[in-house]
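First up is the structure itself, then whatever we jot down about it.
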Amino acid sequence: MKRYIAGLACAATAVLGVPALASTAHAQAADPISALKKQFKNGRGVTYVDTTKGRASYGSAVVAQRKGVLQFGASGIGASDQTTKLRIKASDIAAISEQASEEEAKLLAGLAKPERVIRVKNTSYISGGIFGQFLPEDKTWMKLPVGNLGNTGRLSQLVNPAEPATLKALLARATVKRPTAYSGKITFGELYKVSPWFRAGIFVPPTAKQSKTVVQWKLVLGSDLLARSLTTSYPASALSTAPGMTISVETRYTGWGSKVTVKAPPADQVAKPEDLEEGVDVNAPIPLLSGGS
């Protein structure tokens, strides 16, 4: 199946009010990392929305949108549940599929379907998307023992300010530092060392060349010093076969401290990778996201 995916590379081409003086004084006495750690309570979390755009010399367009929640435990992120929709029309895929083999056409069809990923600790469950159509008829989920963020994980936000180590790394590299706004640069290599979220998003360790990829970022905090928005950008060639393009992702965070419950799917609805149709490789990323070297 890897050869089919490689052959398809060209195809997948809140404003908050000012709080009371007491709350303001409390926030000023804290710092972003301490404020984040105070959110780590069982059954609490935050909601986020990603919008990914691809920019090139000929213009820009929304490539994907992802909505999800992070559930915290006493020590940090314990689980997540997100759904990603690639901005690809079924009609476009149908036109491309006319020139593809039967297996290639079936693989392409999955690009137009939303992909949902539930991640509990280090185990992921994937439904829909490119591999959903290859599941046995009585199963709706596929279990992966390695907790990655799905095939669409690479095309969504790779930087997670809800991780203390990641937030610390960002703030340490900030070139613009204001009470509630920071910006700067960080590399793939630096992110890989500190961020489980980043590692889950890109599947495999970055190559020496990929490790040097620079991510430009801008983080805006609320008066409570919790993330409200994060914008990142980096060359698409770092993780895809799209030279000359820049990937830009804006994430908005809402509902810090709200009740969040993420559970693994019922066991009788879950298949294993070996249960997929013969020849399907779950480790091979979709065309738009295939790794560069």
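The values are calculated or read from the model by the stated rules, or taken from the named source; none is laboratory data. Because the structure is predicted, anything quoted here is derived from the model rather than measured. A quick note on method: Cβ atoms are made from the backbone with ideal geometry, for glycine too, and the neighbour counts reach across all protein chains shown.
For segment 144-157, the candidate set comprises residues that are surrounded by fewer than 24 Cβ atoms within 10 Å (Cβ to Cβ) and among the aliphatic types (A, V, I, L, M); within that set, the residue that is nearest to residue 77 (Cα to Cα) is 146. Got at least one residue in segment 203-215 being within 21 Å of residue 80 (Cα to Cα), of a type outside the set (S, T, N, Q) and buried (at least 22 other Cβ atoms within 10 Å of the Cβ)? Looking through segment 203-215, none of the residues is within 21 Å of residue 80 (Cα to Cα), of a type outside the set (S, T, N, Q) and buried (at least 22 other Cβ atoms within 10 Å of the Cβ).
Would you confirm, using the coordinates I've provided, whether residue 107 is in a helix (DSSP H, G or I), modelled with pLDDT of 85 or more, of a type in the set (A, V, I, L, M) and in contact with a Phe, Trp or Tyr (Cβ under 8 Å, 6 or more places away or on another chain)? Against the criterion (in a helix (DSSP H, G or I), modelled with pLDDT of 85 or more, of a type in the set (A, V, I, L, M) and in contact with a Phe, Trp or Tyr (Cβ under 8 Å, 6 or more places away or on another chain)), residue 107 does not qualify. Filtering segment 59-77 for residues that are in a strand (DSSP E or B), of a type in the set (D, E, K, R) and within 21 Å of residue 238 (Cα to Cα) leaves a non-empty set. Within segment 11-30, is there a residue that is modelled with pLDDT of 70 or more and either in contact with a Lys or Arg (Cβ under 9 Å, 6 or more places away or on another chain) or of a type in the set (Ser, Thr, Tyr) (or both)? Yes, there is a match, as at least one residue in segment 11-30 is modelled with pLDDT of 70 or more and either in contact with a Lys or Arg (Cβ under 9 Å, 6 or more places away or on another chain) or of a type in the set (Ser, Thr, Tyr) (or both).
Picking from residues in segment 229-272 that are more than 15 Å from the chain's Cα centre (by Cα) and β-branched (Val, Ile, Thr), the one that is farthest from residue 43 (Cα to Cα) is 241. For segment 78-93, taking the residues that are assigned to a strand (DSSP E or B) and β-branched (Val, Ile, Thr), the one that is farthest from residue 123 (Cα to Cα) is identified as 84.
Scanning segment 216-223 turns up at least one residue that is modelled with pLDDT of 95 or more and over 25 Å from residue 30 (Cα atoms).
Filtered by the rule that a residue be over 14 Å from the mean Cα position of the chain (by Cα), at pLDDT below 95 and farther than 16 Å from residue 225 by Cβ, segment 177-206 gives 204, 205, 206.
In this structure, is residue 232 at pLDDT 95 or above, touching a Leu at 6+ places or on another chain (Cβ under 9 Å) and β-branched (Val, Ile, Thr)? Considered against the rule, which asks whether it is at pLDDT 95 or above, touching a Leu at 6+ places or on another chain (Cβ under 9 Å) and β-branched (Val, Ile, Thr), residue 232 comes out as yes. Only residues that are of a type in the set (A, V, I, L, M, F, W, C) and in a strand (DSSP E or B) were counted in segment 177-221, giving 8.
Mind checking whether some residue in segment 260-274 is charged (D, E, K, R), surrounded by 18 or more Cβ atoms within 10 Å (Cβ to Cβ), out of contact with any Asp or Glu (no Cβ under 8 Å at 6 or more places or on another chain) and at pLDDT 85 or above? Within segment 260-274, none of the residues are charged (D, E, K, R), surrounded by 18 or more Cβ atoms within 10 Å (Cβ to Cβ), out of contact with any Asp or Glu (no Cβ under 8 Å at 6 or more places or on another chain) and at pLDDT 85 or above. Being at pLDDT below 70 and either surrounded by 11 or more Cβ atoms within 10 Å (Cβ to Cβ) or more than 30 Å from residue 262 (Cα to Cα) (or both), is that true of even one residue in segment 62-75? Checking segment 62-75: not a single residue is at pLDDT below 70 and either surrounded by 11 or more Cβ atoms within 10 Å (Cβ to Cβ) or more than 30 Å from residue 262 (Cα to Cα) (or both). The test for being surrounded by 21 or more Cβ atoms within 10 Å (Cβ to Cβ), of a type in the set (S, T, N, Q) and within 16 Å of residue 55 (Cβ to Cβ) does not hold for residue 233. Among the residues of segment 253-272, those identified as more than 17 Å from residue 226 (Cα to Cα) and in a strand (DSSP E or B) are 270, 271.
Out of everything in segment 139-176 that is in a helix (DSSP H, G or I) and aliphatic (A, V, I, L, M), what residue ends up being nearest to the chain's Cα centre (by Cα)? This residue is 155.
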